[in-house]
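Participant: I'd like to ask you about the structure that follows.
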Amino acid sequence: MLRPDINDLLTQTGPGTPMGDLFRRYWQPVLHTEELPEDGCPPVRVKILSERLIAVRTPEGEYGLMDEFCAHRGVSMFFGRVEEGGIRCPYHGWKYNAAGQAVDVPSELDNSDFCKNVKLRSYPLVKVGDILWAYLGDPAAQPPLPSWEFATVPEKQTFTSKRFQECNWLQALEGGIDSSHVTWLHGGGPSGKGLEADPLFAGSRGNHYNKNDLKPFFEVVENDGGLLIGARRNAEDGQYYWRVTPWVLPNFTMVPPRGDHPMHGHFWVPIDDENCWAWSFDYHPARELSVKEVDAMRAGAGVHSENIPGTYRPVANKENDYLIDRDKQRTGELFSGVKGIAIQDSSLQESMGPIVDRTKERLVATDAGIIKARQKLRRAVEALRDHGTEPVGNVPEHQAIRSVAIVLPADQPFVEGIGEAFQARPGVPQTTV
């Protein structure tokens, strides 16, 4: 359990909050490239870390991210005209360039320097992989561009999606590092069908190990950018099956791989304190994704979701009780009655309420990863707030990381057994079971 003040510290990310300041030390994914598909296309509203912004792509191909509202009378620039060199407010014609600097105020005299004194708050917006990333922090502290493996492998080796999730970012993240729920929620419990029925998980020996050991043992170790969370289950011949989930501050996780399937992972990005974007990615470090795999991802298999066309809101959502099927829940075909890994997660995480009351929790040994992550987050937030200490996780060497699935002798510590397998190496296949 957490004290209310610590819960507030970790969950509030708006401007001026300690956790908000921490998030503003990292590049965050804000838009899929398909949302600004071509030069001169319409602008897009963006809300991130409780800031309302507008994203533009000028006819010259320059990306910009700035305050949503015109400095003149507060009109939303979503209704603006994208023109050569920037975007123009339709109300009185004020024009801003991609950096938010006013470059034309038609009502002013030709010799006026009024524009020089008008600038909208703006942030850098860059394309890495199929994502547009933004940095909302102090320009003097801007870290190197994001270098995550999923975003830097060749285009045909990776796929990214996102979905709207109606809860605070932290309870979504905590689901991502909670390996113990996999057997039940996603695996169908002791007897039901689960991951074997998903085309992006089927056929792995890991599914068998998950289903046959319902009492995983957790070991959590420090890593340079965050934590390595090891979940141990029994394997054959007295060996152990280890699933190793990396967490990199503040909001990046990866799912341990299964067979030769693509690797999965997430970013949980705060929209405000009660909603977040769940970014989900799949990639293979050593081969292109097959048409069958990509089609399955687009259809909502694996960690992805089927969304309402033209939006990033899942078809199965809070308003329709996630299309729960009580017959399939009763028969065990779907353990929770909800279809799809992503929606199984979001249905329960959103059921906790917008911000879960962590003063009422009863944590157990399998929550070791969650407990350690909260402690590390708190230390990082307080160190930045009180001493200006730069947090970890925003440099390339901390982002060169992978999840691992491996069978090891019973007497071998998992950190020793995985060796360099948790480090991303270009073209080298993942370590998987």
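The values are calculated or read from the model by the stated rules, or taken from the named source; none is laboratory data. What you see is a predicted model, and the numbers here were worked out from it, not measured in a lab. Methodologically, a virtual Cβ is constructed for each residue, glycine included, from the backbone with ideal geometry; neighbour enumeration extends over all protein chains shown. The accessibility values were calculated without ligands, DNA or RNA, using every heavy atom of the protein model including side chains. Shrake-Rupley method; radii C 1.70, N 1.55, O 1.52, S 1.80 Å.
Participant: Could you go through the stretch 333-339 in sequence order and give the Karplus-derived ³J(HN,Hα) for each residue, using 6.51 cos²θ - 1.76 cosθ + 1.60 with θ = phi - 60°, rounded to whole Hz, and x for Gly and Pro?
Facilitator: The phi angles translate into 4, 10, 4, 8, x, 9, 8 Hz.
Participant: Putting +1 on Lys and Arg Cβ atoms and -1 on Asp and Glu Cβ atoms, find which of Ser122, Ser112, Thr33 reaches farthest to the positive end of the dipole of the stretch 1-157.
Facilitator: Comparing the listed Cα positions along the dipole, Ser122 ranks first.
Participant: Compute for the chain: radius of gyration divided by Kirkwood radius, i.e. Rg/Rh, restricted to C-alpha atoms, rounded to two decimals.
Facilitator: Numbers: Rg = 22.7 Å, Rh = 22.8 Å.
On the Cα set of the chain, Rg over Rh gives 1.00.
Participant: Let me ask something else. Tell me the mean residue ellipticity at 222 nm calculated for the chain from its helices only (DSSP H runs of n ≥ 4, each -39500 (n - 2.57), averaged over every residue, nearest 500). Working shown, then result.
Facilitator: Details: 11 runs with 88 residues, N = 433.
Mean residue ellipticity at 222 nm (helix-derived): -5500 deg cm²/dmol.
Participant: Another question about this same structure. Taking the dipole about the Cα centre of the chain, with the C-beta of Lys and Arg at +1 and of Asp and Glu at -1, give me whichever of Phe79, Leu363, Ala301 is farthest to the positive side.
Facilitator: Result: Leu363, furthest along the dipole toward the positive end.
Participant: What percent of all Cα-Cα pairs in the stretch 124-220 falls into each 10 Å bin, going from 0 up to the bin containing the maximum distance?
Facilitator: For the stretch 124-220, the binned pair fractions read 12, 26, 34, 20, 8, 0 percent.
Participant: Follow-up. Counting only heavy atoms of the protein chains, get the accessible area per residue of the chain (1.4 Å probe) and round it to a whole Å² value.
Facilitator: On the way: 18660 Å² over 433 residues.
About 43 Å² of surface per residue is accessible.
Participant: Which whole-Hz couplings ³J(HN,Hα) result when phi for each residue of the stretch 419-424 is put into the Karplus expression 6.51 cos²θ - 1.76 cosθ + 1.60, θ = phi - 60°, listed in order with x for Gly and Pro?
Facilitator: Along the stretch 419-424, the couplings run x, 9, 4, 7, 9, 5 Hz.
Participant: Here's another thing I want to ask about it. Near the amide H of Ile271, under 5 Å away, which other amide H atoms are found, from residues 5 or more places off or on another chain, if H is placed in the peptide plane?
Facilitator: Those lying under 5 Å, H to H, from Ile271 are Leu49, Cys276, Trp277.
Participant: Can I ask one more? Using alpha carbons only, how many angstrom separate the centre of the stretch 30-71 from the centre of the stretch 350-416?
Facilitator: If you average the Cα positions of each part, the centres end up 32 Å apart.
Participant: Which of Arg88, Arg57, Arg358 moves the most in a Gaussian network model of the chain with Cα springs under 10 Å?
Facilitator: Maximum fluctuation in the GNM of the chain, among the listed residues, is at Arg358.
Participant: Tell me which chymotrypsin sites (Phe, Trp or Tyr not before Pro) from the stretch 275-340 have a DSSP coil assignment and no more than 15 other beta carbons within 10 Å of their own.
Facilitator: Numbers: sites: Trp277, Trp279, Phe281, Tyr283, Tyr312, Tyr322, Phe335; in loops: Tyr312, Phe335.
Listed in order of number, the matching sites amount to none.
Participant: Sticking with this structure for a sec: 5 Å is the cut-off here: which amide hydrogens, built 1.01 Å from N in the peptide plane, fall below it relative to Tyr240, excluding neighbours closer than 5 in sequence?
Facilitator: Under 5 Å from the amide H of Tyr240: Ala235, Leu408, Ala410.
Participant: Starting at the first residue of the stretch 42-56, write each ³J(HN,Hα) from the Karplus equation 6.51 cos²θ - 1.76 cosθ + 1.60 with θ = phi - 60°, in whole Hz, x for Gly and Pro.
Facilitator: Per residue, the Karplus-derived 3J(HN,Hα) values read x, x, 10, 5, 9, 10, 8, 6, 6, 9, 9, 10, 10, 10, 10 Hz.
Participant: Now, a different point. Quick one: of Lys47/Lys127; Lys318/Lys376; Lys47/Lys162, which pairs are farther than 26 Å apart, Cα to Cα? Write down the numbers at each step before the final one.
Facilitator: Details: Lys47/Lys127 18 Å; Lys318/Lys376 32 Å; Lys47/Lys162 14 Å.
Going by Cα-Cα distance, Lys318/Lys376 fall outside the 26 Å limit.
Participant: Please list the non-local residues whose amide H lies under 5 Å from the amide H of Ile131, H modeled 1.01 Å from N, same-chain partners needing a gap of 5 or more.
Facilitator: Result for Ile131 returns Thr33.
Participant: Here's a follow-up. Normalise the Debye intensity by I(0) for the stretch 3-74, one equal point scatterer per Cα, no solvent, then take log10 at q = 0.18, 0.20 Å⁻¹ and round to two decimals.
Facilitator: With one equal scatterer per Cα and no solvent, log10 I(q)/I(0) is -0.80, -0.90.
Participant: Let me ask something additional. If you place +1 on the Cβ of every Lys and Arg and -1 on the Cβ of every Asp and Glu, how big does the dipole about the Cα centre of the stretch 342-433 come out, in debye to the nearest 20?
Facilitator: Details: 11 positive and 12 negative charges, 40 e Å.
With only Lys, Arg, Asp and Glu charged at Cβ, the dipole is about 200 debye.
Participant: When the accessible area of the chain is computed with all protein chains present and a 1.4 Å probe, what percentage of it is carbon and sulfur? Numbers along the way, then the final one.
Facilitator: Numbers: 9570 of 18660 Å².
Carbon-and-sulfur percentage of accessible area, whole number: 51.
Participant: Looking only at Lys116, Lys372, Lys162, which one moves most when the chain is put into a Gaussian network model with springs between Cα atoms under 10 Å?
Facilitator: Lys116
Participant: Going from the alpha-carbon gyration tensor of the stretch 380-429, what semi-axes, largest first and in whole Å, does one get by taking the root of 5 times each eigenvalue? If you can, show how the numbers build up before the last one.
Facilitator: Numbers: eigenvalues 187, 54, 8 Å².
Each semi-axis is √(5λ); the values are 31, 16, 6 Å.
Participant: Is there a quick way to get the dipole size of the chain? I mean about its Cα centre, with the Cβ of Lys and Arg at +1 and of Asp and Glu at -1; what is the value in debye to the nearest 20? Before the final figure, lay out the partial values.
Facilitator: Details: 46 positive and 59 negative charges, 143 e Å.
I would put it at about 680 debye.
Participant: Restricting to Cα pairs below 8 Å that are 6+ residues apart, what does the relative contact order work out to for the stretch 297-368? Please round to a whole percent. Could the numbers behind the result be given before it?
Facilitator: Details: 67 pairs, mean separation 17.4, N = 72.
This gives 24 percent for the stretch 297-368.
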